[in-house]
Amino acid sequence: MKKLLLIASLAILGTTSSLQAQNSCGTDHDFAEKARKHPELIEARKKFDAGFKEYIKSYKPSSGLNKKGSSPKYIIPVVVHVLHDNGAENISDAQIKSEIDFLNLSFRNLVSDSINRRQDTFNGTFYSYKQLATDAEVEFRLAKNDPQGNCTNGIVRVQTPLTNKGNDELKPISVWDTKRYYNIWVVRGINKGNSVGVAGYAQFPMGFSGGASTDGIMVIHQEFGNIGTSQAGQTPNVTTSTHETGHWLGLYHPFQTQVDTCEMNGDEILDTPPTYFTATSNEPLRNRCNNKNFNSCTMDVPDLPDMQENYMDYFIGNCASNMFTKEQVARMHYVLETYRSGLWSAENLALTGVLNQTPSNCKPIAAFNSPSRNTCIGNSLSFNDYSFNGTVTNYNWSFPGGTPSSSTAKRPTIKYDVAGTYDVTLIVTGPGGSDTIVKPNYVTIQANTANPKGFYTVDWWYQNNWQEQGWSFEYESPNRKFERTTAASYNQNASMFLPKDPFNQLMTVGTTASLISPSFDFSGTPTGYFAFDYAFAQGRLPSSIGGGATNEEIKVYVSTDCGKTWTPKTTIGSSSISTIGNNASSILASSVNFVPADQGKWKDVVISGATIPNNSNVKFKIDFKYQGGNNFFLDNVRLGSNTGNGELLSEELKLSVQPNPFASSTKLRYFLSNRKQVEIRIIDITGKEIATLFNGEQTAGTQEIEIGKSQFQLSSGIYFVSLNIDGQKFSKKIVVE
Ligand SMILES: [Zn+2]
C-alpha cells in the first residue's frame, strides 16, 4: 500500500550494511526522471489509475483463474537484449531461458515455495494470504520471428562498453518494436543517477513522447535467471524480473515512502495490507523476515502483517517472495486489455511466431569485437566472438596482414608487423546456416615511433593541430564530448570544455572522457614532466541521496606499451577537485554556468621526474570521470622531455606550423622576447638531418620561415622541425602530403 509518490528511496541506496548484496528496484526513480523531462506523464499516470478504478467495477476473474495448468489467456512475445562487453554479463542462452521459465512459474502461480504463504490469526482476526495468491494467466515466450520475419531465438547480443552503466540511453542500441515484443535488456550494472545497487527497473505502461523506444525492463545479469551468474547471495535474485514485469504491467510498490499515512489504496490495490517503509543506511531493504507478524502500519483496519510474500514488496532474507494478489492480477489484466493489448493479439502472436512451440534451428548471426583494435606494431590483439541467434559449430576468421592471417578458434589472438589499417572477416557456420560479417578497416596499427625529446604543447587555441599531432579524445558515452571554447582559457584564447550535464537531467552520469597523447621519448630525462591546467566546479547531489558535492575524479595515467596498458600516476578526488574552493559556496547549482574568470580559478596538475618512466615510448592519458557537476575546462596541456627548463621559454615561443599537413609549402612561426641564438633543422623520423633552415642570432619579435617541399626535396611523410634556442630544444611534427 502506498500513496502515489514519485520518489522511492529504495532506488538510490548507496550503502549496504550486510555481506549480502542488496540490489533494489529503480522503477520509481526512473519514473521521477522521466516525469521531469515529460511532465505530461503525471497526468497520464492519474488517467491510468482512474482507468483501473473504472475497469475493476465490472472486472470478472476469468474462468481459468487459479486453475493451475490451464492454458494462458495472455501470451507475450519476448526479446532479450544482452548488452555486454565480453564479460560475465554476456550470459548464456540457458540462463536466459531459466528466467523465462521462472517468469512463467511466478505469473501462473506455480512456484514451489507457495507452501510458505501465511494463513493465520493476527490480533484475533483470521487472514489467508494463501487464498489471495492468484494465477495471472500470463505466459512469456521468447520470440521466434524477429521484426523482419527472420528466424530468431529471441535473444540479441550487442557489445557496448557502457554495459556497466545501463539506462535508457543504451536501449536504442538494440530495441524491437515495443508494441509487438516485451523488450528485456540485461546489463552488467544499472546507472540511475548516482546510485549503486539497482537490480532492475521498469517502464510503466502509460505512454509519453518517445516512450515507445524505451518500453520494457532492464535487469542486471546477476539477478536474471537462476543459473550461471545469477546465484543465491544476490537479493532478491530470480524474483527481480517478476517484480519488474509487475511494474511493466502497471503494479506499484505496496510500501509507502517519505510520509507514512498507511492508506489502504496507496498502491491502488485494496487486497494488499497497508505497508510503510523508508530505507535507511541501516536498513536499505526490509530485513524483517525473521518476524512473521511484522506489521509496519498499525492504525488501519484491517490491521494485518505486512505481506512479505508479495513480489512487489522488497523484503530480503528468508522471506518467500512468491505471490500476486487477486487485485494485482486484475490490474495487470486491465493493462493487458488496454495499454498492452497489441502484444497478445492473435495477429501479433502469428507475426512473432510464438504459437509454434517446436524448437527451431535458426541461422547464427556473426558478431565479434576486439578491445584493443587501435594499437602499435608488436602488440597482440585478441578477438572475441559473440555470435548469437543459433548454434555455431565452425569459426572461420580472416586477418589479411596479420599473423596468423586466418584462424578457426573462437577467440583468436593476432599480431601485425606493418603499420596500417586492416579488414577483419568472420564466418560462422552451424546447423541453421552460416553468416558472414566483414568489418572494413577494423584494425589500426600504428608505427611505434615516439616524438623526439623536446617541449610540446597542445595548441588548440588556433586550430585542430593537436589532432594532427596525434592527440585524441575518447569517450565512454557518445553523448558528451569536449568542445573548443573561447569563453575561457588558462592562456592564449581558447580551451577545451566538457559541458555540464546537470544531475539526473541527462543520462550519462558516471562516464569518463579521456585525452590521450601520442608517444614521446622520455629516455634519459630525469627532469621531464607532463602538465595541464583545469577549471571545475562541483554540483550538488539530490537531497534524496544525502546532498553534498558531486563526486568527480581526474586521473593521469602513463603507458609504455603504446596504450595497451595504463598505469595510474596521480588521482584528484572529490575533496580536492574543485578549483574554486571546498566550502558550500563552491558547489554550484546546475542553473549556474561555471566559467573560470581568471587564472586563479584554474589548477595546475604536474607529474614529473621519476613518476614518468625512463622509456623511449611514453604515452599520457587524462581521465575525467563525470558525476553531474558543472562545466569542466582543460587547457595548457604540455610536456617536456628535454632536460632543461624549457617551459618558461615555450610559453612565449608560440611555436606554430601552418598549414600542417602541407602539399607544397608551409610556414614556421615563433616569437622571441629578446635576441637569441637559434638553430633550426628538419629531421626525419629516424632522426637523420634533412636540412638546416637557420643557424645564427635572431632579434626579438615574431619570426617566420617558409619550408618548401621541393626546396628541401621532401618526400611524403612525417618530419620534425627541431629548434635549439639558447640551448633549449623544441620540436614540431610536420606532415608532407
Ligand atoms: Zn520496484
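The values are calculated or read from the model by the stated rules, or taken from the named source; none is laboratory data. It should be emphasised that the depicted structure is a prediction, and the values quoted were computed from it without experimental measurement. All Cβ positions, even for glycine, are placed from backbone atoms using ideal geometry, and neighbour counts span all protein chains on display.
Output the residues belonging to region 306-321 that are within 16 Å of the ligand (Cβ to nearest atom) and part of a loop (DSSP other than H, G, I, E, B). Steps first, answer last, please.
Going residue by residue through region 306-321, those that are within 16 Å of the ligand (Cβ to nearest atom) are 306-316, 319, 321.
Within region 306-321, ASP306, MET307, GLN308, GLU309, TYR311, MET312, ASP313, TYR314, ILE316, CYS319, SER321 qualify.
Kindly provide the set of residues from region 377-390 that are surrounded by 16 or more Cβ atoms within 10 Å (Cβ to Cβ) and in a loop (DSSP other than H, G, I, E, B), ordered by number.
Looking only at region 377-390, we keep the residues that are surrounded by 16 or more Cβ atoms within 10 Å (Cβ to Cβ), and these are 377, 379, 381, 383-390.
Those that are surrounded by 16 or more Cβ atoms within 10 Å (Cβ to Cβ) and in a loop (DSSP other than H, G, I, E, B): ILE377, ASN379, PHE383, TYR386, SER387, ASN389, GLY390.
So, in region 289-327, exactly how many residues are closer than 24 Å to PRO61 by Cβ, in contact (Cβ under 8 Å) with a residue 60 or more places away in the chain, among the polar types (S, T, N, Q) and in contact with a strand residue (DSSP E or B) (Cβ under 8 Å, 6 or more places away or on another chain)? Quick ask: steps written out before the conclusion?
In the first step, residues of region 289-327 are kept if they are closer than 24 Å to PRO61 by Cβ; the result is 302, 304, 307, 309-313, 320-327.
Of the ones still in play, those that are also in contact (Cβ under 8 Å) with a residue 60 or more places away in the chain are 302, 304, 307, 309, 311-313, 320-327.
Now narrow it down to the ones that are among the polar types (S, T, N, Q): 321-322, 325.
Retained after the next criterion (residues that are in contact with a strand residue (DSSP E or B) (Cβ under 8 Å, 6 or more places away or on another chain)): 321, 325.
Number of matching residues: 2.
Identify, from the list LYS569, LYS621, LYS555, LYS564, the residue that is under 21 Å from PHE473 (Cβ atoms), assigned to a loop (DSSP other than H, G, I, E, B) and of a type in the set (D, E, K, R). Show your work before the answer.
On the way: LYS569 fails: assigned to a loop (DSSP other than H, G, I, E, B); LYS621 fails: assigned to a loop (DSSP other than H, G, I, E, B); LYS555 fails: assigned to a loop (DSSP other than H, G, I, E, B).
Residue meeting the stated conditions: LYS564.
As an exercise: evaluate ARG484 against (1) modelled with pLDDT of 80 or more; (2) in a loop (DSSP other than H, G, I, E, B); (3) touching a Phe, Trp or Tyr at 6+ places or on another chain (Cβ under 8 Å) and give the number of the one condition it does not meet.
Among (1) modelled with pLDDT of 80 or more; (2) in a loop (DSSP other than H, G, I, E, B); (3) touching a Phe, Trp or Tyr at 6+ places or on another chain (Cβ under 8 Å), ARG484 violates only (2).
Any idea which residue in region 399-452 is farthest from SER559 (Cα to Cα), counting only those that are surrounded by fewer than 16 Cβ atoms within 10 Å (Cβ to Cβ) and touching a Leu at 6+ places or on another chain (Cβ under 9 Å)?
Filtering first and then ranking leaves THR436.
Test of understanding: among ASN109, ASN90, which residue is modelled with pLDDT of 90 or more, assigned to a loop (DSSP other than H, G, I, E, B) and within 26 Å of the chain's Cα centre (by Cα)?
Values: ASN109 fails: within 26 Å of the chain's Cα centre (by Cα).
The conditions single out ASN90.
Hey, can you tell me all the residues within region 604-637 that are of a type in the set (Phe, Trp, Tyr) and either in contact with a Cys (Cβ under 6 Å, 6 or more places away or on another chain) or under 12 Å from THR570 (Cβ atoms) (or both)? Steps first, please.
Our first condition is that a residue be of a type in the set (Phe, Trp, Tyr); within region 604-637, this holds for 620, 624, 626, 632-633.
Within region 604-637, PHE620 is the sole residue that qualifies.
Under the condition of being within 16 Å of the ligand (Cβ to nearest atom) and touching a His at 6+ places or on another chain (Cβ under 8 Å), which residue from region 204-254 is farthest from PHE31 (Cα to Cα)?
Taking the candidates together, the pick is PRO236.
Sort out which residues of region 255-275 are at pLDDT 75 or above, more than 21 Å from PHE107 (Cα to Cα) and away from the ligand (no atom under 16 Å from the Cβ), and write them in order of number.
PRO274
Write out, first by first residue and then by second, each pair whose Cβ atoms fall under 9 Å of each other, whose residues are 6+ apart or on separate chains, and whose first residue, in region 111-125, is over 28 Å from GLU139 (Cβ atoms) while the second is among the charged types (D, E, K, R).
Filtered contacts from region 111-125: ASP120/LYS292; PHE122/ASP303; ASN123/ASP303; THR125/ASP303.
Return the total of residues in region 655-697 being loosely packed, with under 13 Cβ neighbours inside 10 Å, acidic (Asp, Glu) and over 23 Å from SER715 (Cβ atoms).
1
Applying the selection to region 692-737, what residues are in contact with a Gly (Cβ under 9 Å, 6 or more places away or on another chain), among the aliphatic types (A, V, I, L, M) and more than 13 Å from LYS676 (Cβ to Cβ)?
LEU714, VAL735, VAL736
Of all residues being of a type in the set (S, T, N, Q) and in contact (Cβ under 8 Å) with a residue 24 or more places away in the chain in region 358-372, which is farthest from TRP248 (Cα to Cα)? Just the residue, please. Even if it seems obvious, please write down each step before you answer.
If we filter region 358-372 for residues that are of a type in the set (S, T, N, Q), which is where we start, we get 358, 360-361, 369-370, 372.
Retained after the next criterion (residues that are in contact (Cβ under 8 Å) with a residue 24 or more places away in the chain): 360-361, 369-370, 372.
Numbers: SER360: 29, ASN361: 31, ASN369: 33, SER370: 36, SER372: 39 Å.
The qualifying residue farthest from TRP248 (Cα to Cα) is SER372.
Given the condition closer than 22 Å to GLY266 by Cβ, modelled with pLDDT of 70 or more and within 14 Å of the ligand (Cβ to nearest atom), answer yes or no: does some residue in region 10-24 qualify?
The initial filter retains those residues of region 10-24 that are closer than 22 Å to GLY266 by Cβ, namely 10-13, 24.
Those still in the list that are modelled with pLDDT of 70 or more too: 24.
Restricting the remaining residues to those that are within 14 Å of the ligand (Cβ to nearest atom) gives 24.
Yes, some residue in region 10-24 is closer than 22 Å to GLY266 by Cβ, modelled with pLDDT of 70 or more and within 14 Å of the ligand (Cβ to nearest atom).
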